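To keep things clear, I will list the structure first and then write my remarks on it.
The values are calculated or read from the model by the stated rules, or taken from the named source; none is laboratory data. All of these numbers come straight from a predicted model, not from anything done at the bench. Virtual Cβ from ideal backbone geometry, glycine too; neighbours counted across all protein chains shown.
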Amino acid sequence: MPDRSESKPNKQLAEGRAQRHALLLIWGVIGTIGVLCMLYGQYQLGWARASAGWPVVAGRIITSEVTAHTDEEGTTYSDEIEYVYTVEGTEHQADVVVIGGHGYGPHRVVGRYPLGAEVTVAYDPDKPSRAVLEPGVESYEWQTWGISMLLGALFMATLFNFILRRAMNEEKNLLDHTLIILFKTIFFPITVCNGNVWVLGGMIGLAAWLMTLELNPVLTIGLSIFVAFYGILWVLMLWIRFMAWGYELRDRAMERQAAKQKSTSEPEDTE
């Protein structure tokens, strides 16, 4: 007869592993999308570089406007730029300002290419319908998005995998030991100051002062990373302390109010 006391933990362990694998799969998909964005960005970058040698013709802006998109998260703005040009008697229409995406703000690009403006258009001689207003300009927007998604997915997958493995008391592997050492190293300054926000603030202030001195560039970069990273942690620690202090004041006020109501509601003793 099977021991039910042993089968139940095994079932929970199997379910926990299945959930962990599902989360890793999700982050893996996000990371894969990031890689595809990077590859697409490199593909676009090749066309952007090739466009520097394309022939040019005169063109005219036929659409130049800023559109607003409102949803639950707020209002975002985007630009719509369209232009026409003629190649060997055939008129074409395109909307590409920079191959791979431009870094201009919507209002800036509309001001740069107003409605009716005469522009110079570079077109692909092998495919005249492919054109660009700013040939040879390299854009890395897709690569930036891809790298951000990939690194974010790797970080979250590693973190969740570590947390869930520890929650299920699985045997530590090399990655677990590496992360433990990394966490201890990262939070070493906080451990040294015993979580005292003022001591940590003094360490950050000292590092910021050392940045103003003419030190070795390696030290300056290291101090900059220290100030940026631990500065954010310091602000978060201050915020947590502030919120805890606020809740404590609220609880005290509620206790005093309850005690006052209790004292007024109790009947006075009569002889």
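What the table shows:
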item	result
Members of the range 125-150 found to be crowded, with 17+ Cβ neighbours inside 10 Å and assigned to a strand (DSSP E or B), listed by number	PRO128, ARG130, ALA131, VAL132
Single match in VAL97, VAL109 (criterion: under 20 Å from GLY41 (Cα atoms) and either without any contact (Cβ under 8 Å) to a residue 40 or more places away in the chain or touching a strand residue (DSSP E or B) at 6+ places or on another chain (Cβ under 8 Å) (or both))	VAL97
Some residue of the range 125-140 being farther than 30 Å from TYR83 by Cβ and of a type in the set (A, V, I, L, M)	no
Residue match in the range 151-165 (condition: assigned to a loop (DSSP other than H, G, I, E, B), in the same structural domain as GLY46 (by TED's automatic domain parsing) and among the polar types (S, T, N, Q))	no
Any pair with Cβ under 7 angstrom, 6 or more apart, that starts in the range 10-24 at a residue that is in the same structural domain as ARG166 (by TED's automatic domain parsing) and ends at one that is acidic (Asp, Glu) and surrounded by 13 or more Cβ atoms within 10 Å (Cβ to Cβ)	none
Residue that is farthest from PRO189 (Cα to Cα), among those in the range 199-254 that are of a type in the set (Asp, Glu) and surrounded by 10 or more Cβ atoms within 10 Å (Cβ to Cβ)	ASP251
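Table: residues versus (1) assigned to a helix (DSSP H, G or I); (2) touching a helix residue (DSSP H, G or I) at 6+ places or on another chain (Cβ under 7 Å).
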position: GLY201; (1), (2): yes, yes
position: GLY205; (1), (2): yes, no
position: LEU213; (1), (2): no, no
position: LEU236; (1), (2): yes, no
position: TRP245; (1), (2): yes, no
position: ASP251; (1), (2): yes, no
position: GLU255; (1), (2): yes, no
